[in-house]
Amino acid sequence: TGSLDNKARIWDIETGKPRQAFKGHAAAITPEGDHQVTGHKEKTARVWDLETGQTLQVLEGHESTIWSTAITPDGERLVTGSQDK
């Protein structure tokens with residue numbers, strides 16, 4: 001989920017508390033549950049390792065804020081949406 005502090009969080013459903021926070025406001029998790037992708041106001045998308053919290057890859061190419069991210073059901077492709085269309 002996104003927030004006003006520009007972080008995507010993974011929440012513990014039982015406790016209602018955040019388990020991890022990642023830089024970015026649009027988030028998608030791979031089907032395997034091992035990676036997350038976040039979109040950013042600085043026009044990049046980041047691929048994160050959910051176990052370590054480390055950035056694995058920074059993807060560049062948009063000319064505006066990335067507002068949405070999605071991962072295909074097979075986990076092979078990443079889609080980002082931005083105001084730059």
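The values are calculated or read from the model by the stated rules, or taken from the named source; none is laboratory data. Just so we're clear, the structure is a prediction, and the values are computed from it rather than from any experiment. Methodologically, a virtual Cβ is constructed for each residue, glycine included, from the backbone with ideal geometry; neighbour enumeration extends over all protein chains shown. Ligands, DNA and RNA are excluded from the accessible area calculation, which covers all protein heavy atoms including side chains. Shrake-Rupley method; radii C 1.70, N 1.55, O 1.52, S 1.80 Å.
Rounded to two decimals, the Cα-based Rg/Rh of the chain, with Kirkwood Rh, is 0.96. Centroid-to-centroid, using Cα positions, the stretch 62-85 and the stretch 1-40 are 15 Å apart.
Sorted on the mean count of surrounding Cβ atoms within 10 Å across their residues, most packed first, peptides 74-83, 18-27, 58-67 read 18-27, 58-67, 74-83. Near Lys7, which lysines are there with a Cα under 21 Å away, not counting those fewer than 8 places off in the same chain? Within reach: Lys17, Lys23, Lys41, Lys43.
What number comes out for accessible area per residue over the chain if the probe is 1.4 Å? Units Å², please.
Heavy-atom SASA per residue in the chain reads 66 Å².
Computed over the chain with a Gaussian network model linking Cα atoms closer than 10 Å, the most mobile of Ile29, Ile13, Ile71 is Ile13.
How large, in percent, is the carbon and sulfur part of the accessible surface of the chain at a probe radius of 1.4 Å? With neighbouring chains kept in place, the figure for the chain is 48 percent.
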